[in-house]
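Visitor: Structure provided below as structure tokens; questions to follow.
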Ligand code: UTP
């Protein structure tokens, strides 16, 4: 392709002045760039909607028949036996740039809990500790960062003594990057010394799991299933026995949780079925007439939205190493500062560049026997994406408190409504199974309760 040749010539010329740029240019995967340009610039990323699709079917949150009730019970036990046997691992994607939040540091180091101000990473670590204690097994945790935040992330964990999980049970690695180009496909320079590079999207996690040796490490440990979740959702249940059990019993390559959308146009990816396969159509791509279709009972047909919680089989991920499967690139038009022909730094006010990203949910249509299990949004999803308003730190904290109130009232403990409650995630796994709880309260003041442990 001419544009690749043109880019090569320009970059080799410019890099004669800078060893750093020369190294970047040498390491650049030109054939990958060619695919990205082909898909996103010259074909304008017409990934296109599948032809014959319908709303995806999913397992409801609560069983709706005696048969389903039996299946859920069996699946729950099966899921627990997989966790107990050490066949499951936790996997967090934490390589995003968090531009909407604008927090200075890896997003996982953001304090998010209402009383103790625990960071996202601490919340997940303590939940994993609780699971390890309950199932008496080590649950390894894989954390994907980007080259931009890997060092800061590892430093954070080291400073916190790996939150008691043991350094050997954690694995940090960086995802790949892609260069940004202008709308004609010309590479952009962030400085005279460097290409404008950015993380290649959460879809990069599949290849990064392989390239980093994480999948090989999982094989050594006997791990068969990976629980995938995003770094910015404090409510996530890291290992849900019912979900994992259904996923394995149905021999699914990749399974997903779904949420019932609040309305036809909620900004969540939509699960759809194409024959026996599942895919996600982004909210902006679902045609309006489809979004508005309803069932006889008045519910919208395309109501299953994605909170980005998945379980993947390790041997399915391996297919991305062997090139049997490849994720398509998506085009994201962004403002990217760049050096112009005269060597001046230009800071654009309008999107001027294309970033190339892959999305993990594009693996779904490649997965055999995909399965979706509905989740209760209030229990599972309240991400920290924005500075204020919807999906902000404030809204997520409120949702954490409401969840804690619900849990306590389910255990017949009445706490005044305006009390701020925080429950230590280390005790979550036991909460689920326990009928009656006698609380031991720590740090109890008039309007705040922090619950660390309890006895039955
Ligand atoms: P988002 O799509 O919310 O992107 O990522 P972001 O970069 O965190 O935030 P904005 O859009 O710049 O405001 C969803 C999840 O995917 C991870 C993020 O860390 C988050 O957990 N992610 C995203 C990656 O790991 N790598 C990427 O290249 C992009």
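Visitor: Mean residue ellipticity at 222 nm from the helices of the chain, using -39,500 (n - 2.57) per DSSP H segment of n ≥ 4 over the full residue count, to the nearest 500 deg cm²/dmol?
Guide: -9000 deg cm²/dmol
Visitor: I want the antiparallel fraction of DSSP beta bridges within region 111-205, as a percent rounded to 5.
Guide: About 60 percent, rounded to the nearest 5.
Visitor: Would you mind checking the tilt of helix 66-84 against the longest principal axis of the Cα atoms of the chain, expressed as 0 to 90 degrees and rounded to 10?
Guide: 70 degrees
Visitor: Now for a separate question. With a 10 Å radius around each residue's Cβ, average the other Cβ atoms per peptide and rank 204-214, 387-397, highest first.
Guide: Highest-to-lowest ranking by the protection proxy: 204-214, 387-397.
Visitor: Treat the count of other C-beta atoms within 10 Å as a stand-in for reagent exposure and order 411, 405, 310 from fewest to most.
Guide: 411, 405, 310
Visitor: Ok, one more. Can you tell me the relative contact order of the chain? Whole percent, Cα pairs under 8 Å, sequence separation 6 or more.
Guide: The normalised contact order for the chain reaches 21 percent.
Visitor: So the label point goes 7 Å from the Cα of residue 337 along Cα→C-beta, right? Which residues of region 103-136 then have their backbone N under 19 Å from it?
Guide: Backbone N within reach: 103-106.
Visitor: Cα axis of helix 150-159 to longest principal axis of the chain: angle in degrees, 0 to 90, nearest 10?
Guide: 40 degrees
Visitor: According to a simple spin-label model (label point 7 Å from Cα along Cα-to-Cβ), what is the distance in nm between residue 116 and residue 346?
Guide: Output for this residue pair reads 5.1 nm.
Visitor: How much of the DSSP bridge set in the chain is antiparallel, in percent, rounded to the nearest 5?
Guide: Taking every DSSP beta bridge with both residues in the chain, the antiparallel ones total about 60 percent.
Visitor: Let me ask something else about it. Angle, helix 393-410 long axis vs. longest principal axis of the chain, Cα atoms, 0 to 90°, nearest 10?
Guide: 20 degrees
Visitor: Follow-up. Taking the number of other C-beta atoms within 10 Å as the exposure measure, put 330, 247 in order starting with the fewest.
Guide: 330, 247
Visitor: So how far apart, in nm, are the two label points at residue 221 and residue 167 if each is 7 Å from Cα heading toward Cβ?
Guide: Reported label-point gap for residue 221 and residue 167 is 1.6 nm.
Visitor: Let me ask another. Grab the Cα-Cα distance for residue 250 and residue 183, subtract it from 0.36 nm times how many residues apart they are, and report the gain in nm with one decimal.
Guide: 19.7 nm
Visitor: Determine, for each peptide in 16-25, 83-92, the mean count of other beta carbons within 10 angstrom over its residues, then list the peptides with the highest first.
Guide: The most tightly packed comes first, giving 83-92, 16-25.
Visitor: In nm, give the distance between the simple-model label positions of residue 42 and residue 369, each being 7 Å from the Cα along the Cα-to-Cβ direction.
Guide: 4.1 nm
Visitor: In addition: Would you give the gap between the C-alpha center of region 341-399 and the C-alpha center of region 74-151, rounded to a whole Å?
Guide: 17 Å
Visitor: Once R0 is set to 22 Å, what does the formula 1/(1 + (r/R0)^6) return for the Cβ-Cβ distance between residue 70 and residue 379, expressed as a FRET efficiency to the nearest 0.05?
Guide: 0.40
Visitor: Hey, with R₀ at 56 Å, roughly what FRET efficiency would residue 136 and residue 293 work out to, going by the Cβ-Cβ distance, to 0.05?
Guide: The value I calculate is 0.70.
Quick note: the coordinates plus some simple rules give every number you see, no bench work behind them. Computed from a predicted model, the values in this text were never measured in an experiment. Positions of Cβ are backbone-derived with ideal geometry, glycine not excepted, and every protein chain shown enters the neighbour counts.
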